[in-house]
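Peer 1: Take a look at this one; I'll ask things after.
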Amino acid sequence: MTATVIDGKAFAATVRGKVAEHVTRLKEVHGITPGLAVVLVGEDPASQVYVRSKGKMTVEVGMNSYEHKLDVDTSEEALLALIDQLNNDPAVHGILVQLPLPDHLDSDLVINSIDPAKDVDGFHISNVGLLGTGQKSMVPCTPLGCLMMLRDHLGSLSGLNAVVVGRSNIVGKPMAQLLLGDSCTVTIAHSRTKDLPAVVRQADIVVAAVGRPQMIPGDWIKPGATVIDVGINRIEKPEGGTRLVGDVDYDSCAAVAGAITPVPGGVGPMTIACLLANTVTACSRANGLKEPE
Ligand code: NDP
């Protein structure tokens, strides 16, 4: 069997197209331009790349992008003052603080200082609680993108066995909540899980969010399962240079799975598309308007 490749890049382009249409309507009918503020502290190279591409795509869908680049030694007080200013700025509908923050800053404190209605990453404790209790919230972008691809590919997820490998607050846990919300039977695996291969073999849906290059081989995958690879890992190529790989061993998994997301070109583009979608949702809610579907 050769797996269907789930084309996250193409799907993300479709999502961005819908966001752009909604933005046009907000501008033309209501005179409102959604705005996304991204705050970057320090000069982490990967974070710089993410922030640049978020800014570019925000503008491409017709929204305003506000980038705030702060020195690595910015004080907590100064960062909280900036967030307070953005919370009170009516032109800003979404606020994203790029993680990880430098060690001297308390990430939980900083994230929880964002107005939950503008928390387009969905990491504020209020949004986490709303998601966990099945209420309307801001949903974290990476798991939301994974869920959209799963629904698109499989239709109803009801009753399927889903195994999420990884229990981080930004991917694993919210992913599990979303799958539970779609009536999957969910297992969350992590570094202490006993006999991980046997656990993964039970899964109709595998979501790998571990951060370990090519950790999951094809013989852990149930034939026909759908594999969503969240991992982004840079490895050395034998001939020199580097390349990006996921948390699953793509070739051996693609030989067994029913469908699989590639890295790059799978989950990554969907994450940014969902960030833009969340910003439009936040803008619509702030103005008492119908939300995008
Ligand atoms: P974290 O490091 O926060 O979490 C990793 C999780 O994997 C932990 O729960 C850890 O378990 C678990 N784990 C580690 N080693 C093993 C192992 N040997 N067996 C089973 N579980 C293990 O990572 P993130 O969730 O932030 O990110 C995961 C991956 O996804 C990374 O590659 C990251 O780059 C990528 N990513 C991609 C995004 C995208 O847009 N595509 C967005 C966000 C992340 P424990 O809790 O027990 O330590």
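Where a number appears in this text, it was derived from the coordinates with a stated rule and is not lab data. These numbers were taken from a predicted model, which means no experiment stands behind them. Every residue, glycine as well, gets a Cβ built from its backbone with ideal geometry; the counts of neighbours run over all protein chains shown.
Peer 1: In percent, how large is the relative contact order of segment 99-224, given Cα pairs closer than 8 Å and 6 or more residues apart?
Peer 2: Details: 172 pairs, mean separation 24.8, N = 126.
Relative CO of segment 99-224 lands at 20 percent.
Peer 1: Just to be sure I understand the model, the point goes 7 Å from the Cα along the line to the Cβ. What's the resulting Asp195 to Lys69 distance in nm?
Peer 2: 5.3 nm
Peer 1: Could you line up Thr58, Thr193, Thr133, Thr4 from fewest to most neighbouring Cβ atoms inside 10 Å? Intermediate results must be reported in sequence, preceding the final value.
Peer 2: Working: Thr58 26, Thr193 16, Thr133 9, Thr4 13.
So the residues, fewest neighbours to most, are Thr133, Thr4, Thr193, Thr58.
Peer 1: Nothing charged except the Cβ atoms of Lys and Arg (+1) and of Asp and Glu (-1): what's the magnitude of the dipole of segment 141-268 about its Cα centre? Round to the nearest 20 debye. If you can, show how the numbers build up before the last one.
Peer 2: Values: 11 positive and 11 negative charges, 75 e Å.
Dipole magnitude for segment 141-268 comes out near 360 debye.
Peer 1: For the chain, which cysteines have no second Cys with its Cβ under 4.7 Å from theirs?
Peer 2: Lacking a cysteine Cβ partner under 4.7 Å: Cys146, Cys184, Cys253, Cys283.
Peer 1: Based on the Cβ-Cβ distance from Asp103 to Glu28, what FRET efficiency comes out when R0 is 41 Å, to the nearest 0.05? The partial results should precede the final answer.
Peer 2: Values: r = 46 Å, r/R0 = 1.12.
So, using R0 = 41 Å, E works out to roughly 0.35.
Peer 1: Given contacts defined as C-alpha pairs under 8 Å and at least six residues apart, what's the relative contact order of the chain, whole-number percent?
Peer 2: On the way: 595 pairs, mean separation 64.0, N = 293.
After rounding, I find 22 percent.
Peer 1: Moving on. Taking the Cα centre of the chain as origin, sum charge times position over the Cβ atoms of Lys and Arg (+1) and Asp and Glu (-1), and report the length of that vector in debye to the nearest 20. Intermediate values should be presented prior to the final figure.
Peer 2: Values: 24 positive and 32 negative charges, 171 e Å.
Dipole magnitude for the chain comes out near 820 debye.
Peer 1: I want to make sure I understand the PRE zone here: with the label point 7 angstrom from the Cα of Glu43 toward its beta carbon, which residues in segment 63-81 have backbone N atoms less than 13 Å away?
Peer 2: 70-73
Peer 1: Now for a separate question. What percent antiparallel are the DSSP beta bridges of the chain, to the nearest 5?
Peer 2: Details: 4 of 34 bridges.
Expressed as a percentage, antiparallel bridges in the chain total about 10.
Peer 1: Using Cα pairs closer than 8 Å and at least 6 residues apart in sequence, work out the relative contact order for segment 1-66, in percent.
Peer 2: Details: 43 pairs, mean separation 23.9, N = 66.
Value for segment 1-66: 36 percent.
Peer 1: Describe numerically, in nm with one decimal, the distance between label points set 7 Å from Cα along Cα→Cβ at Glu291 and at Leu154.
Peer 2: The modelled label-to-label distance comes out at 2.3 nm.
Peer 1: Sorted by average packing, counted as other Cβ atoms within 10 angstrom per residue and highest first, what order do 82-92, 220-230 take? Write down the numbers at each step before the final one.
Peer 2: Values: 82-92: 15.4, 220-230: 23.9.
Ranking, from highest mean packing down: 220-230, 82-92.
Peer 1: Count the net charge of all other residues whose Cβ sits under 13 Å from the Cβ of Glu291, scoring Lys and Arg as +1 and Asp and Glu as -1. The partial results should precede the final answer.
Peer 2: Numbers: positive: Lys18, Arg25, Lys136, Arg285, Lys290; negative: Glu293.
That works out to +4.
Peer 1: Right, here's the next one. What does the charge count near Arg201 come to, summing +1 for each Lys or Arg and -1 for each Asp or Glu among other residues with Cβ under 10 Å from its Cβ?
Peer 2: On the way: positive: Lys222; negative: Asp195, Asp219.
Spelling it out: positives minus negatives among the neighbours equals -1.
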